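In what follows, a structure is listed as structure tokens, so that the remarks can point back to it.
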Amino acid sequence: MALSPEELVIESERDFRVHTAVYTDPAIFQLEMARIFETTWVYVAHESELPNPGDYLTTTLGTQPAIVSRDADGKIYVMLNRCRHRGSVVCRAERGNAEYFRCPYHNWTYGRDGSLVAPAQKSGYPEDMNYAALGLARAQADTYRGLVFARLRAEGETLAQRLAQVAPYIDLWVERSPVGKITLPRGAHRYFYPANWKFQMENGNDGYHGNYVHESFMQVVSRAGQKTVQEFVAIRNTGSVVGLRYGDGFIDRPGGGMAGQFDYHDPRLADYHGQLERAYGRKRMQEILGQRNLLIFPNLFLFESHIRVIKPLSVNETVVVMHPARLEGAPEELNRERLRTHERFFGPAGFGAPDDVEIFVTSQTGMKARAVDWLLMHRGMHRETLKDGVHEGFHSTDEAPQRAAYREWKRRMTGGRRDLDDDAR
């Protein structure tokens, strides 16, 4: 007998388990699309990708095709990419600039806000046809610090309410720019993997795997004389992890220095440090320079060098998109070095992303061993603290962020009936 969503994530005082069906059952995947990606705020774009009126890009809300468009008044709209006539997508390009969106099938034409301008050969329709009711289906759209989010369900918390607990950490990420502005240069790195989308969701802020999955990278860097494997391991044993309400969470290493990531504490960056100190003060600067891999549930990671977006395709197919991020106002040499560091570890010919993808695939393959039902995510439960809805793991290898994500997964999958304070254990 199939288990209900309520039964798929089990938590007790010192035990946290996730059932294999969460990664393998197509029915569960379809329910995720309906109860998570259609009901909560989902990241869809960055404002810098739409700098001018008429700029647009195409993306997905879960598996549903969508258009993100900036209108003449500067307002950003998010619409489903489906003609109201016979169902074709109305925009097939990845991005561009347009006055209108025209369906390629029968030429119905829509404005940049999704409103129906006119059907082709409109004499075939009644004169009193209600065009206003036949625009592209819109999602709610809102922004925070340049990040554009959308939600299909009309009711629920505002974006400000949704991000209230995680917003201070988004601010720290944005304020790596001395002028408080991040932009995404044109172009991104995409990769497909034949496994469930939640393997990436779990992995991005997992501090436990690095010493093992990325050992080859550490050995290469060590042979190059840049940093020894032992030094990398010592860094990975510093810091802590944090799980927040709504499924958000992060690794927190105040000293930075993670393998494959840019070191903002490098003393050669004195001019940049001075910029930050003048802009935000010395104490704030030290917070900004810390390294965090931040998940904003369900589909967005903010890494020190890039924005990472998870796009589910099916229960065992996923696309991940990495957008390198530019720190406006920072020295040009710093931005160039950040990009080179990103390419070396996260890029198509790098070490980190290919390592992780291999693990996602081996994990999906392991799910076929159905005699074992559960994955264990209780590492560090016995030593984490809980205060004001924040679960803080004592060690950077603890699994507090993963548990936070699955608490929210369970809450959404069971219709949101469980109160957010019910995880206070």
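None of the figures in this text is laboratory data; all of them are computed from the coordinates on show. In this text, all values refer to a predicted model and were calculated from it rather than measured experimentally. Because the Cβ atoms are built from the backbone with ideal geometry, glycine has one as well, and the counts that use them run over all protein chains shown.
Projecting label points 7 angstrom from Cα along Cα→Cβ for ALA349 and GLN286 puts them 4.1 nm apart.
In debye, nearest 20: dipole of segment 263-373 around its Cα centre with unit charges on the Cβ of K, R (+) and D, E (-)?
240
How do the peptides 138-144, 242-248 rank, highest first, by the average count of neighbouring beta carbon atoms within 10 Å per residue? Walk me through the numbers on the way to the answer.
Details: 138-144: 17.6, 242-248: 25.4.
The packing order, highest mean first, is 242-248, 138-144.
Charge tally for ARG336 (other residues, Cβ to Cβ under 12 Å; Lys, Arg +1; Asp, Glu -1): -1.
Largest GNM mean-square fluctuation among GLN219, GLN364, GLN121, using the chain with Cα springs under 10 Å: GLN121. Between SER240, ASN299, VAL220, the Cα set farthest toward the positive side of the dipole of segment 211-360 (charges on each charged residue's Cβ, about the Cα centre) is that of SER240. Only lysine pairs 8 or more places apart, or on different chains, with alpha-carbon atoms under 27 angstrom apart are counted in the chain, and they number 13. Phi angles of segment 239-251 translate, via the Karplus equation with coefficients 6.51, -1.76, 1.60 and θ = phi - 60°, into HN-Hα couplings of x, 8, 10, 9, x, 10, 4, 6, x, 6, x, 7, 7 Hz per residue; Gly and Pro are given as x. If the label point is 7 Å along Cα→Cβ of GLN140, which residues in segment 13-49 have backbone nitrogen under 18 Å from it? Counting only backbone N, you get 34-45.
Set the Förster radius R0 to 25 Å, insert the Cβ-Cβ distance between GLU358 and ASN237 as r into 1/(1 + (r/R0)^6), and round the FRET efficiency to 0.05. Efficiency for this residue pair is about 0.55. Taking each residue as 0.36 nm, the span from TYR191 to VAL229 lengthens on full extension beyond its C-alpha to C-alpha distance by 10.9 nm. Across all Cα atoms of segment 41-168, the radius of gyration (one decimal) and Dmax (whole number) stand at 15.4, 55 Å.
Spacing of the modelled spin labels on ALA164 and LEU31, each 7 Å from Cα toward Cβ, amounts to 2.9 nm.
Run the numbers for ALA72 and VAL321: contour at 0.36 nm per residue of separation, minus the present Cα-Cα distance, in nm.
Net length gain for the segment: 86.8 nm.
Under a Gaussian network description of the chain, with springs only between Cα atoms under 10 Å, the residue in ALA98, ALA371, ALA167 that fluctuates furthest is ALA371. Rounded to the nearest 20 debye, the dipole magnitude of the chain is 600 debye, with +1 charges on Lys and Arg beta carbons, -1 on Asp and Glu beta carbons, and the Cα centre as origin. Here the Karplus relation 6.51 cos²θ - 1.76 cosθ + 1.60, evaluated at θ = phi - 60°, turns the backbone of segment 165-179 into coupling constants of 7, 8, 3, x, 7, 4, 4, 4, 5, 5, 7, 4, 7, x, 10 Hz, with x for every Gly and Pro. Using the charge dipole of the chain (Lys, Arg: +1 at Cβ; Asp, Glu: -1 at Cβ; taken about the Cα centre), state which of VAL179, THR414, PRO65 has its Cα farthest towards the positive end. The residue sitting most towards the positive pole is PRO65. Taking 7 Å steps out from each Cα toward its Cβ at ALA118 and THR63 produces label points 3.8 nm apart. Between the amide H of ASN293 and those of ILE251, distances stay under 5 Å, these residues lying 5 or more places away or on another chain, with hydrogens modeled in the peptide plane. Our helix-only sum for the chain, with -39,500 (n - 2.57) per DSSP H run of n ≥ 4 divided by its residues, gives a mean residue ellipticity at 222 nm of -7500 deg cm²/dmol.
Computed packing ranks the peptides 75-84, 400-409, 288-297, 263-272 as 400-409, 288-297, 75-84, 263-272, most packed first, by mean other Cβ atoms within 10 Å. Considering only MET322, ILE310, LEU334, the residue lying farthest towards the positive end of the dipole of segment 296-336 is ILE310, judged by Cα position with unit charges set on Cβ. When the chain is treated as a GNM with alpha-carbon contacts under 10 Å, the residue of PRO168, PRO298, PRO126 showing the greatest mean-square fluctuation is PRO126. Converting phi to 3J(HN,Hα) with the Karplus coefficients 6.51, -1.76 and 1.60 and the offset θ = phi - 60°, segment 338-355 yields 4, 5, 4, 4, 4, 4, 5, 9, 9, x, x, 9, x, 9, x, 4, x, 4 Hz in sequence order, with x at every glycine or proline.
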